[in-house]
1. For residue C:11, state whether it is in a strand (DSSP E or B) and charged (D, E, K, R).
2. Mind listing whichever residues of segment C:296-330 are under 17 Å from residue C:251 (Cβ atoms), over 24 Å from the mean Cα position of the chain (by Cα) and at pLDDT 85 or above?
3. Looking at this structure, is residue C:222 of a type in the set (Val, Ile, Thr), within 14 Å of chain A (Cβ to nearest Cβ) and either crowded, with 24+ Cβ neighbours inside 10 Å or touching a Leu at 6+ places or on another chain (Cβ under 9 Å) (or both)?
4. Quick check: is even one residue across segment C:306-325 buried (at least 21 other Cβ atoms within 10 Å of the Cβ), touching a residue at least 40 places away in the same chain (Cβ under 8 Å), in contact with a Pro (Cβ under 8 Å, 6 or more places away or on another chain) and more than 12 Å from every other protein chain (Cβ to nearest Cβ)?
5. Count, please, the residues in segment C:285-305 that happen to be in a loop (DSSP other than H, G, I, E, B) and either within 14 Å of chain A (Cβ to nearest Cβ) or touching a strand residue (DSSP E or B) at 6+ places or on another chain (Cβ under 8 Å) (or both).
6. Could you tell me which numbered condition residue C:244 fails, if it satisfies all but one of (1) out of contact with any helix residue (DSSP H, G or I) (no Cβ under 8 Å at 6 or more places or on another chain); (2) surrounded by fewer than 19 Cβ atoms within 10 Å (Cβ to Cβ); (3) more than 8 Å from chain A (Cβ to nearest Cβ)?
7. State which residue pairs qualify: first residue at the interface with chain B (Cβ under 10 Å from one of its Cβ atoms) and inside segment A:77-88, second residue of a type outside the set (Phe, Trp, Tyr) in any location, beta carbons under 6 Å apart, and separation of 6 or more residues or different chains.
8. Output the number of the condition that residue A:221 fails; it satisfies all remaining conditions of (1) buried (at least 23 other Cβ atoms within 10 Å of the Cβ); (2) within 9 Å of another protein chain (Cβ to nearest Cβ); (3) in contact with a strand residue (DSSP E or B) (Cβ under 7 Å, 6 or more places away or on another chain).
Amino acid sequence: MNAPTRDPAFLAIENLTVEYPLQGGRKVHAVTDFSAHVMRGETLGLVGESGCGKSSAARAVMQLPRPTRGAVRLDGQELTGLRGRALQQARRRFQMIFQDPVASLNPRMTIRDIVAAPLEIAGIGTAEERCARVAAMLEKVGLNADQAMERRPHEFSGGQCQRISIARALILEPDLLVCDEAVSALDVSVQAQVLNLLEDLKRDLGLTMLFISHDLAVVKHVSDRVAVMYLGRLCEIADAETLYRGSVHPYTRTLLSAVPEPDPEAPPHALSLIPGELPSPVNPPSGCPFRTRCPRASDLCASQMPQLQDISPGHLSACHHPLT
Amino acid sequence: MADVTSSRQGTQTEDKPQIDMNMVAIAMHRRSRRLGLYFWIPMIWLVIVAVACIFAPFWGLPPADEIDWVYIQSPPVEGHPLGTDNLGRDLLSRIVWGGRVSLTVGFAAPFIGVGLGLILGLIAGYYRGWADEVIGILIDAWLAIPGLVVLLLFSVVFGGSLFMVCVSLGLLFIPTAARITRAATLNYAGREFVLAAKAMGASDFRIMRKEIFPNIIWPLIAFILIDIPIAIVIEGALSFLGLSVKAPTPSWGGIIAEGREVLSTYPHIAMYPTLVMFVTVLSFNLVGDAIRRRLADVREGAI
Amino acid sequence: MHMGEIILDVRDQRTSFATARGMLAAVDGVSFTLQRGRTLGVVGESGSGKSVLSRSIMRLLPGNAVVPGGSRVILNGRDLTRLSEAELRRLRGPEMAIVFQDPMTSLNPVLSIGRQIMEVLMFHLGMKKRAARARAIELLTAVGLPQPDVRVDQYPHQLSGGMRQRVAIAIAIACEPDLLIADEPTTALDVTVQAEILDLLQRMVRERNMAMILITHDMGVVAGRCDDVAVMYAGRIVEQAPVRDLFRNTRMPYTAALLASIPKVTDPPHRKLDAIDGRPPDLINPPPGCPFAPRCKLADADCDQGKPMLEGPAGHLFACIRPLGQETAA
């Protein structure tokens, strides 16, 4: 596939921690000690329920804002230490697509200005050159450039807005694309179009992707490997097929069993969850964060934080009582 | 089956009246968005006043400070359509020239206030943190000083300069303008398109100028529309007290003040400028309301 | 009980909106009946008219909505289109109730949740305050809210999204309605919570012998929870069948295309999805024929000649003149 590079991991996330201060000295522990490596040309899926820290992790990778602790290395370059112009220069290499296709486009700007903005900021080309690149990029994401350029976002459907977002993110030819719930707000038929587009672009442009979603089916669809997060921590990570067929973490199993399958004869799911709420990220439980809802929890889980353990090559899970 | 027959009926009757229904719908929609007479009548008045004041030198009116010794304190006569004042000066001419002062203050003061408030509000709302706190404290401190004291102080120090009247009034509009800007900025600073701009490495200045400013301009325009009549009224009150532009420069408040002395004998001297000012301020309010209602539609994304 | 009794009979419901560009036909001639104890799933993408349909049944439409005189909504033998707003208000609660997508906006933020349930009970059933409070706690217990006697005095913002939706359901079922409409009840919720809420709704329908319309965009949600499914496209029902039939013996090409475009957990990674090209038609100037024809792989010139009617054999209705599975049906 791709030529081997010096650094085996193209994107290396090490011990990423994101905390937001609250009044009274308390903190929201959005992400705690999250580590993952993504190879060049690979897609890492990040799943979890709302509040699990997946979006915070994605934004920390984007340095929006930079993480509280930990390292993010892209192609060997440490991003967390970069400031000012150096960071601005580095940003060309990693771009992001957001959830809300309409809200992520400025309603007062034309599509031409929106897609040209990254080029303008980076000071690339003359106005005409930029315009030509915008047109080419819009065609690449499946929009009619002639018709689209001078219009404003509200004249487009959600799916088309997301194509515009993709065009904006890719116009600087980044190496890494972070997709934060990029298709969650779209209807299924449109979602399929955008997912296919992302897959095509990834192949054509050799992109490395970090794909965040709450939808397990969507994540499996685009990912080579998948990481599951709960309350800011990594529960389990494995290649997609292994995680969906042979997960060992009770939370992953629960999540998978809750997915409603579009098949009336699918076996009724057995939800093995202790009813209850996601604990507060301000005051996470001691030990394993999932223990308050886990049917297999023991005293050990309350006293000791389970460490990530190798289950098989490339399959890691953080649980004292893994399923088999 | 009942549903089958009914839908068949539906498809048959649909074709012809369809176009009519569309026209009806468009008409209904237009009607709900029409500006109406409450906008157009005051608007016409404002245009008349504005044209009269802006092109005051071209109407062949006698100079506002020229004394006609033949007619002193005269009711309307040939050559003086609104009569003359205590000193025999042409009242129409004085009202037109005085309108220049009122309108200048009416427009300049809100723009000065909103301009400065915009900068403060943008900084406070975009950067949050200590910048927000410092600006908040400054504004609170500024609000603690009574407006009248500020106006009196400016009048005493800079006495009579039209520019300084505009500035002193403009300063009074800053706190509200800054707060409106801050709230609107807060609303947009967290939007994903601002985050997207940050992700592409846009500078803070660029984000404020290109991403946030075009979105918050509408509430500020609405605010200016409210402030124009307020500024005109305050300027009128200042002139009335003799704290605005110096005599003999006419201003509406000043003419009313002069007319007050002879109110019982020659009521027309105070009445005409009062009437003009009243109708003008009312018109600004009515027009402003109509425009603000339309701006609300614009902000809902209809443009 | 009266299992086969028809609770709801919707006949040729049409709902349009006056917009700047013309009349937007959001619901364009929908007819169906619903029996006691049954759950009808209404599936469609955004703009298909499914939510407008639910509001048309509840008669909760905004001012610019236009409903022609031929539309009928008959609930328990009473024609809702002929009732005054006051009469409708008395029916909303005891005979029909709705659960919305976002419980935060449907609950009043300044009233305790107990108070909100009690008001419904006191208004419709004339209960006294003490009795109403006791009943409110019972209802909160029934919808599985933990510590109902404590929660009864809490405010909506003190509850999580899933709990708020439980409260909204408790309010909806407080007066034992015959018809419950759940409009995207789990769209705002996480998957694990979604499963719990859907289980709860299903249990309530069974225990109280209600009829339910479950409106959703998610084929996965209807697959496991409904007796019958109606698929909507461009304001019309384009296929309606018992759930198994619809998934196993899909006739309408739109339904098939929709099912094919859903990514499934059982698929291998990177499988190319069968997306539906194009976009739904403009509802102000709809195409003359089948609304799906411009995007349909099986469409031919005949499909542009008039809108196909919803018909079919043995309870499996579809609005298509070139249906799938023709050879097996013949």
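1. Values: in a strand (DSSP E or B): yes; charged (D, E, K, R): yes.
Spelling it out, residue C:11 is indeed in a strand (DSSP E or B) and charged (D, E, K, R).
2. The answer is C:296, C:297, C:298, C:299, C:300, C:302, C:303, C:321, C:322, C:323, C:324.
3. On the way: of a type in the set (Val, Ile, Thr): yes; within 14 Å of chain A (Cβ to nearest Cβ): yes; either crowded, with 24+ Cβ neighbours inside 10 Å or touching a Leu at 6+ places or on another chain (Cβ under 9 Å) (or both): yes.
When the stated conditions are applied, residue C:222 passes them.
4. Yes, segment C:306-325 contains a residue that is buried (at least 21 other Cβ atoms within 10 Å of the Cβ), touching a residue at least 40 places away in the same chain (Cβ under 8 Å), in contact with a Pro (Cβ under 8 Å, 6 or more places away or on another chain) and more than 12 Å from every other protein chain (Cβ to nearest Cβ).
5. Our first condition is that a residue be in a loop (DSSP other than H, G, I, E, B); within segment C:285-305, this holds for C:285-292, C:296-300, C:305.
Subsequent filtering for residues that are either within 14 Å of chain A (Cβ to nearest Cβ) or touching a strand residue (DSSP E or B) at 6+ places or on another chain (Cβ under 8 Å) (or both) retains C:286, C:291-292, C:296-297.
Total satisfying the criteria: 5.
6. Against the list (1) out of contact with any helix residue (DSSP H, G or I) (no Cβ under 8 Å at 6 or more places or on another chain); (2) surrounded by fewer than 19 Cβ atoms within 10 Å (Cβ to Cβ); (3) more than 8 Å from chain A (Cβ to nearest Cβ), residue C:244 comes up short only on (3).
7. Note: pairs meeting the criteria are A:88/B:201.
8. Status for residue A:221: all satisfied but (3).
The values are calculated or read from the model by the stated rules, or taken from the named source; none is laboratory data. Note that the coordinates shown come from a computational prediction; the quantities given were computed from them, not determined experimentally. FYI the Cβ positions are ideal-geometry reconstructions off the backbone, even for glycines, and counts take in every protein chain you see.
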